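Scroll down for the structure; my scribbles are underneath it.
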Amino acid sequence: MDVLKSLLLTIHSWLHLLPGFSIIEEYVLNILDYIRLKVNSSCEAYSLEAWQIILLSVAVFVATQWLWDFIFSGEGAVAKVKKAVFRWVRKIPYVQRQIQTEVSKTAKSMQDSFAKDLKPGMSFIRKLPFYGNSADEVCQLAETYKSMRSLEFNRGRASGTLYNGGEELTELNGQIYKMFAWTNPLHGDVFPDIRKMEAEVVQMCISMFNGGSEACGTMTSGGTESIMLACKAYRDRAIRQGIKHPDMVVPRSAHAAFEKACQTFGIKFIPVPADPVTMKVDVRKMKKLITRNTCMLVGSTPDFPTGVMDPIEEISALGAKYNIPVHVDACLGGFLIPFMEKAGYPLPLFDFRLPGVTSISCDTHKYGFAPKGSSVVLYSSVEMRRYQYYVITDWPGGIYATPTFGGSRPGAIIAACWATMVHYGETGYINTTRKIIDTARYIKQEVAEIPGLFVYGDPLVSVIAIGSLDFNIFRLTEALTKRGWSLNALQFPSCFHICCTLLHTLPGVADEFLADLRECTAVIMADPQQKATGMAALYGMSQTIPDRSLVGELVMEYLDALYDTSYSSKPSSMSNGHATHS
């Protein structure tokens, strides 16, 4: 205590050497003395005792802190008031009954919708068959299940979903999968072949994104895991640095996996709105939202909703300035943007050439054309990657360590991913990139000419988001669905997008889509104010509900329905996976 007092006196004496410090000190002391006298006189006037003063001070502090969080954290105050009122109204018994009735109707509607997918006589296998089926019988049954599909997704009728589907690649992946079906990279000593393949996939991706000698990474099961692992790494890094309650500053348009990571790892999610014209994240607002607890900044190349690329150069500069890691989410465009310059479509910098970029997520199973279940997460240094690892040293079963969430992982997926990348090579990916971007730019240009429609922002890659100022855009998505198109309906703002894949570059597919788009739009524009019905009305209405937890309940009904086996179609000769005979 004496040392501290001596240090303070020394600092005070040094400050007195500064010109004008004595005048400033006297002025501040006078103000503090005035405040002291006013507070004391007020306490005497109201006969406040010491315990009352303490209690009042604590109450004012807590109320101020609550009000600050209410107004400035996350959503705006108006939105929070609406939610609070809506939650209160939901507690009214009559309202509860009405909501439950509607939820039950929705659940029944979903079940009926799924039941239509069943072929006549189909039911669910609910327990293991008493006797196993032969290989031929299993294949025959699988063919029956395959016949449930109604959408011709391999003809370019779906947005995203299937990114290649070529027969040659399908045959190659089938052969490779058969060769490595029983491998598991958890046992790297037993399967050195898979270990080598995984390391090569990561290194090839590092080269694509111009990583330096320290750059590294791991393979994952998909984009969500790649994103969540990066978030986990930066949370652990922040905790190591003494940050008890990390937050991440993320574009509102970034993938939902970032919010999932926040829910899973206890990170505060701070969304940044997009510029309403460009649809890019507002970097000025991002800067204002940075706190001493911020553990990472995020940018998308491109984002999923509108296909717009965030200004990674500006976000990288922010990260470098404040020493905050910057994650670039290239899950969607990861096998397009590295090749676009050589394909004739140059882009602003987005990768490890920027000093602030410390990690990148990139899906190999999208435009890399690998089988589903493969992605990579890359880091600028080994130090960053180590925060991603899980290491348990005191387990009785031995020292347990994994680079990702999973323990056992499918080596065959790694092998098929490796085979696909080696098969295509840089030239192959440049050629597919050129085809896809050519098609996307063509669709973007033509959509902009259709009366009643517009394109959001200036998408540079493969996604085109379409909106309307004249009518409910979900009327158009419903009309296109009836014509056999599967598109992505979006919200905040209301629109839909088409994600162009290699299938959309097939002769006539883009023109067929544009023809249907023009015809359906023309019909709607004949009566643009007509009230939406069916799914169009439901999707539009869901965005107006202040309490998103109610929307969440409806979505959970959908998730429950995915696993429901209680319904069946009309009786037939198939029962529990076996043919029955009368």
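This table checks each residue for (1) in contact with a Gly (Cβ under 9 Å, 6 or more places away or on another chain); (2) in a helix (DSSP H, G or I); (3) at pLDDT below 90; (4) over 30 Å from Gln111 (Cβ atoms).
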| residue | (1), (2), (3), (4) |
| --- | --- |
| Ile498 | yes, no, no, no |
| Glu512 | yes, yes, no, yes |
| Cys520 | no, yes, no, no |
| Gln529 | no, no, yes, yes |
| Ala532 | yes, no, yes, no |
| Met535 | no, yes, yes, no |
| Ile545 | no, no, yes, no |
| Ser568 | yes, no, yes, no |
Restricting to segment 337-353, and then to whatever is assigned to a loop (DSSP other than H, G, I, E, B) and among the aliphatic types (A, V, I, L, M), can you tell me which residue is most open to solvent (accessible area, probe 1.4 Å)?
Leu349
Is it the case that some residue within segment 323-336 is of a type outside the set (D, E, K, R), in a helix (DSSP H, G or I) and modelled with pLDDT of 95 or more?
no
Would you check if there is a residue in segment 138-145 being on the phi < 0 side of the Ramachandran plot, open to solvent by 50 Å² or more (accessible area, probe 1.4 Å) and polar (S, T, N, Q)?
yes
Return the total of residues in segment 354-375 being within 15 Å of the chain's Cα centre (by Cα) and polar (S, T, N, Q).
2
Filter result for the condition that a residue is in contact with a Ser or Thr (Cβ under 7 Å, 6 or more places away or on another chain), outside any helix (DSSP H, G or I) and β-branched (Val, Ile, Thr), over Thr439, Thr404:
Thr404
Could you go through segment 273-293 and let me know if any residue there is touching a strand residue (DSSP E or B) at 6+ places or on another chain (Cβ under 7 Å), within 22 Å of Lys232 (Cβ to Cβ) and in a strand (DSSP E or B).
no
Filter segment 224-261 for residues that are assigned to a helix (DSSP H, G or I), open to solvent by 10 Å² or more (accessible area, probe 1.4 Å) and within 22 Å of Lys280 (Cβ to Cβ) and give the result.
Glu259
Verdict on Thr364 being surrounded by fewer than 24 Cβ atoms within 10 Å (Cβ to Cβ), touching a strand residue (DSSP E or B) at 6+ places or on another chain (Cβ under 8 Å) and assigned to a loop (DSSP other than H, G, I, E, B)
no
Scan segment 434-446 and give yes if some residue there is over 26 Å from the mean Cα position of the chain (by Cα) and either open to solvent by less than 60 Å² (accessible area, probe 1.4 Å) or on the phi > 0 side of the Ramachandran plot (or both), otherwise no.
yes
If I filter segment 284-305 for residues that are over 22 Å from Ala261 (Cα atoms), surrounded by 24 or more Cβ atoms within 10 Å (Cβ to Cβ) and among the hydrophobic types (A, V, I, L, M, F, W, C), do I get at least one hit?
no
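Every residue, every condition in (1) free of Cβ contacts under 8 Å to residues at least 40 places away in the same chain; (2) under 17 Å from Gly223 (Cβ atoms); (3) among the hydrophobic types (A, V, I, L, M, F, W, C); (4) in contact with an Asp or Glu (Cβ under 8 Å, 6 or more places away or on another chain), yes or no:
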residue: Ala238; (1), (2), (3), (4): no, no, yes, no
residue: Gly242; (1), (2), (3), (4): yes, no, no, no
residue: Gly266; (1), (2), (3), (4): yes, no, no, no
residue: Lys280; (1), (2), (3), (4): no, no, no, yes
residue: Lys287; (1), (2), (3), (4): yes, no, no, no
residue: Pro305; (1), (2), (3), (4): no, yes, no, no
Of the residues Asn173, Asn164, which is assigned to a helix (DSSP H, G or I), open to solvent by less than 100 Å² (accessible area, probe 1.4 Å), touching a residue at least 40 places away in the same chain (Cβ under 8 Å) and closer than 30 Å to His497 by Cβ?
Asn173
Number of positions in segment 57-73 that are open to solvent by less than 100 Å² (accessible area, probe 1.4 Å), modelled with pLDDT of 75 or more and not hydroxyl-bearing (Ser, Thr, Tyr)
6
Does segment 301-329 hold any residues that are of a type in the set (Gly, Ala, Ser) and closer than 17 Å to Pro355 by Cα, and which are they?
Ser316, Ala317, Gly319, Ala320
Given the condition touching a Pro at 6+ places or on another chain (Cβ under 9 Å), free of Cβ contacts under 8 Å to residues at least 60 places away in the same chain and in a loop (DSSP other than H, G, I, E, B), answer yes or no: does some residue in segment 388-396 qualify?
yes
Give segment 453-482 a look and list any residue that's part of a loop (DSSP other than H, G, I, E, B) and either crowded, with 17+ Cβ neighbours inside 10 Å or in contact with a Cys (Cβ under 7 Å, 6 or more places away or on another chain) (or both), or say none.
Leu453, Tyr456, Gly457, Pro459, Leu460, Val461, Ser462, Ser468, Phe471, Asn472
Which of the residues that make up segment 181-223 are small (Gly, Ala, Ser), in a loop (DSSP other than H, G, I, E, B) and either open to solvent by less than 30 Å² (accessible area, probe 1.4 Å) or touching a residue at least 40 places away in the same chain (Cβ under 8 Å) (or both)?
Ala181, Gly188, Gly211, Gly212, Ala215, Ser221, Gly222
Hey, among the residues in segment 259-282 that are touching a helix residue (DSSP H, G or I) at 6+ places or on another chain (Cβ under 6 Å) and of a type outside the set (A, V, I, L, M), which one's farthest from Phe454 (Cα to Cα)?
Phe265
Subset of segment 404-423, residues buried (at least 17 other Cβ atoms within 10 Å of the Cβ) and more than 18 Å from Leu332 (Cβ to Cβ), comes to Thr404, Arg409, Pro410, Gly411, Ala412, Ile413, Ile414, Ala415, Ala416, Trp418, Ala419
Scan segment 150-161 and give yes if some residue there is of a type outside the set (D, E, K, R) and in a helix (DSSP H, G or I), otherwise no.
yes
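The values are calculated or read from the model by the stated rules, or taken from the named source; none is laboratory data. These figures come from a predicted structure and were not determined experimentally. With ideal geometry, Cβ positions are generated from the backbone for all residues, glycine too; neighbour counts draw on all protein chains shown. To get the accessible areas, we keep the full protein, side chains included, count just its heavy atoms, and leave off ligands, DNA and RNA. Shrake-Rupley method; radii C 1.70, N 1.55, O 1.52, S 1.80 Å.
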